[in-house]
Amino acid sequence: MKDKPTLWITRKLSTNTEARASRDYNVILNPTDILSSAEDIIAMSAKVDAIIPCHSEQFTARVAASLDDRLKIVANHSVGVDHCDLTALKARGITVTNTPDVLSDATAEIAMLLLLGAARHAVDGDSLVRSGQWDSWSPSFMVGTQVSGKRLGIVGMGKVGQVMAKRGRGFDMTIHYHNRSRLPADLECGATYHDTLESLLNVSDFLSLHCPSTDTTRDIINQKTLAQLPDGAILVNTARGALVDETALINAISSGKLAAAGIDCFKTEPLGNPQFSAHKNIFTLPHIGSATLETRDAMGFRALDNLDAFFNGGEPKDKLV
Ligand code: DGY
């Protein structure tokens, strides 16, 4: 790079990421970590050549149309890009990248945590002990759902789905999956492919979502699809809140159709869904699937690798448009 490009990092990223960015770019950081509005993004685009945003910043069609010509690349610090209107950004000639692969382990770990916690009354058990109200024990107390020997259905067998399958196998679960296309045998590792979602749902004692949020996948978990699960199934969502009709989820929990759910992603973020709080068999976390020190560094470095390639005249590895 001849002259250092100017880079805006919209949120507070890992110390190592910010140090590397400060070394290689004229960087504008956000030490207070305050969320930027659409107007902030539009105004800043006149001052910078590149932005590293997170999934919390919205690059809608309106924002894309209003961005200054100076901005050349949006190098996302996320694998999901549903916060970006890719068509509108492409129309403006702006390159967009993401950070696949590097958050698969961390996200699958949170999915397993939610799966186990939902199956074994983590919320109820923790609040009972924590509140000092645990005053009896019996063999019929807090009996949950055993994980080993059960069928784990995975929707979306990309990188995160594949790690989730591996973790499920570690718990002696049988793996089933639905994906746009069947994986080669070396990646499938004995998992059973279902060419329709319905077929997968019918056999999923546990269902874990690992597909992106698109027009096709919005609300794929709804009243109809929940009814196709076995009675007493458990749903896990670490992908995106947009995939689940939350009213249908509450109805399925209330009726007992679902034994429990583990949810890291919500329709409304931040906040979640206050109605979930009435149900101790919904184990919730605040969208922290990728939130480990190791993964935050890896995501930041991957976004910077993409920027470096772009400003050195090459093709970023994770170029989407
Ligand atoms: C992602 O990378 O998409 C995660 O949801 C965190 O932003």
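Residues considered: 13, 7. Of these, the only one that is over 21 Å from residue 242 (Cα atoms), buried (at least 22 other Cβ atoms within 10 Å of the Cβ) and away from the ligand (no atom under 14 Å from the Cβ) is 7. Here 215, 264, 231 are screened, and the one residue that is within 18 Å of residue 289 (Cβ to Cβ) and among the charged types (D, E, K, R) is 264. Across segment 94-136, the number of residues qualifying as within 13 Å of the ligand (Cβ to nearest atom), closer than 30 Å to residue 65 by Cα and open to solvent by less than 10 Å² (accessible area, probe 1.4 Å) comes to 2. Between 34, 28, 51, the distinction of being farther than 25 Å from residue 212 by Cβ and under 25 Å from the mean Cα position of the chain (by Cα) belongs to 34 only. Restricting segment 59-93 to residues that are more than 30 Å from residue 292 (Cα to Cα) and of a type in the set (Val, Ile, Thr) leaves a set whose member that is surrounded by the fewest Cβ atoms within 10 Å (Cβ to Cβ) is 87.
Yes/no per residue for (1) touching a residue at least 40 places away in the same chain (Cβ under 8 Å); (2) within 16 Å of the ligand (Cβ to nearest atom):
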residue	(1), (2)
165	no, no
182	no, no
189	no, no
201	yes, no
205	yes, no
213	yes, yes
223	no, no
233	no, no
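Checked against (1) away from the ligand (no atom under 16 Å from the Cβ); (2) among the small types (Gly, Ala, Ser); (3) open to solvent by 30 Å² or more (accessible area, probe 1.4 Å), residue 291 meets all criteria but (1).
Considering the conditions (1) in contact (Cβ under 8 Å) with a residue 24 or more places away in the chain; (2) more than 16 Å from the ligand (Cβ to nearest atom), residue 274 is excluded by exactly one of them, (1).
When 34, 52, 28 are checked against the criterion of being surrounded by 18 or more Cβ atoms within 10 Å (Cβ to Cβ), more than 30 Å from residue 261 (Cβ to Cβ), outside the structural domain of residue 209 (by TED's automatic domain parsing) and not polar (S, T, N, Q), 52 stands alone in meeting it.
Output yes when any residue across segment 139-151 is open to solvent by less than 60 Å² (accessible area, probe 1.4 Å) and closer than 30 Å to residue 294 by Cα, and no when none is. Checked against the condition, which is being open to solvent by less than 60 Å² (accessible area, probe 1.4 Å) and closer than 30 Å to residue 294 by Cα, segment 139-151 yields at least one hit. Here segment 235-256 is the region considered, the condition is being in contact (Cβ under 8 Å) with a residue 60 or more places away in the chain and of a type in the set (Val, Ile, Thr), and the residue that is nearest to the ligand (Cβ to nearest atom) is 238. Residues that are crowded, with 17+ Cβ neighbours inside 10 Å number at least 2 in the following helices (runs of 4 or more DSSP H) confined to segment 169-248: 197-202, 223-227. On the stretch given as segment 261-288, residues that are among the small types (Gly, Ala, Ser) and crowded, with 19+ Cβ neighbours inside 10 Å total 3.
The values are calculated or read from the model by the stated rules, or taken from the named source; none is laboratory data. Please read all numbers here as calculations on a predicted model, not as lab measurements. With ideal geometry, Cβ positions are generated from the backbone for all residues, glycine too; neighbour counts draw on all protein chains shown. These accessible areas exclude ligands, DNA and RNA; they are computed on the full protein's heavy atoms, side chains included. Shrake-Rupley method; radii C 1.70, N 1.55, O 1.52, S 1.80 Å.
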